[in-house]
1. Probe radius 1.4 Å, ligands and nucleic acids left out: can you give me the accessible area buried at the B-A interface, summed over both chains, in Å² to the nearest hundred?
2. Under 20 Å from a point placed 7 Å out from the Cα of A:K26 along the Cα-to-Cβ direction: which residues of the stretch A:65-108 have their backbone N that close?
3. Students often forget the sequence filter, so: which lysines lie under 17 Å Cα-Cα from A:K69 once same-chain residues fewer than 8 apart are removed?
4. Accessible area per residue for the stretch B:4-112 in Å², computed with a 1.4 Å probe and the full protein assembly in place, what is it?
5. Would you mind counting up the charge near A:V107? Only other residues with Cβ under 13 Å from its Cβ, with Lys and Arg at +1 and Asp and Glu at -1.
6. Apply the Karplus parameterisation 6.51 cos²θ - 1.76 cosθ + 1.60, with θ equal to phi minus 60°, to every residue of the stretch B:25-41 and state each ³J(HN,Hα) to the nearest whole Hz, in sequence, with x for glycine and proline.
7. Using a 1.4 Å probe over the heavy atoms of the protein chains, calculate the carbon and sulfur portion of the accessible area of the stretch B:4-112 as a whole percent.
8. Tell me the per residue accessible area of the stretch A:14-110 using a 1.4 Å probe; a whole number in Å² is fine.
Amino acid sequence: SQQGEEDPQALSIQEGENATMNCSYKTSINNLQWYRQNSGRGLVHLILIRSNEREKHSGRLRVTLDTSKKSSSLLITASRAADTASYFCATGGSWGKLQFGAGTQVVVTP
Amino acid sequence: EADIYQTPRYLVIGTGKKITLECSQTMGHDKMYWYQQDPGMELHLIHYSYGVNSTEKGDLSSESTVSRIRTEHFPLTLESARPSHTSQYLCASSAWTGTDTQYFGPGTRLTVL
């Protein structure tokens, strides 16, 4: 079964607005990662948060992790048209490979 | 951009043909992966390898096979392509760092007529 589930499935916003997406998972993890996929391309790693961290920032990205609720959120601030992509969460654990969620499709309109 | 390459980028082929999708990385990563992804959908792990001569089946059953004779090379083969194999195939690699962060190739979009 899918380890990570993302919400919403799709999100449409205007440039300059913030985009927030959530990821829930089922089992204990060592870390949680977020990836971006532009249409028809491979995934690109964005940010990693370890299980003992609660919040992490990278440029316009802010990730939070609540291990008690088994959930994470990704916030993209001041979005741009170039942020249009699918965003996937992935959980890493002792099993040696990542478990990917179903993704959130984000469309940013000028 | 990560140093992981996939060829061909696009392949349109008839039913029954044998195909090999190539994946190479120059990062010296021991771990490599193949995912299958339909447009706009989730990734499904179909094969992975933790090093030379190591291959394992992933979470999604696949009729494809893989080999790992060299660290940098992880080709995927379909002996007899069928329309149900039409999909995007993504190759990825990672190092033994403890985080399993993966680096992806650009993908091969396969269409079987």
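1. So the buried area, both faces added, is about 1800 Å².
2. Within reach of a label on A:K26: A:66-73, A:88-104.
3. Within the straight-line limit of under 17 Å, A:K69 reaches these lysines: A:K26.
4. 45
5. -2
6. Result, rounded to whole Hz: 9, 10, 9, x, 6, 7, 8, 9, 9, 10, 10, 10, 9, 7, x, x, 10.
7. C and S atoms contribute 53 percent here.
8. Per residue, the stretch A:14-110 has 44 Å² of solvent-accessible surface.
The values are calculated or read from the model by the stated rules, or taken from the named source; none is laboratory data. If you're wondering where the values come from, they're calculated on a predicted model, not measured in any experiment. Neighbour counts are summed over all protein chains in view; Cβ atoms, including those assigned to glycine, are modelled from backbone coordinates with ideal geometry. What goes into the accessible areas is simple: the full protein's heavy atoms, side chains included, and nothing from ligands, DNA or RNA. Shrake-Rupley method; radii C 1.70, N 1.55, O 1.52, S 1.80 Å.
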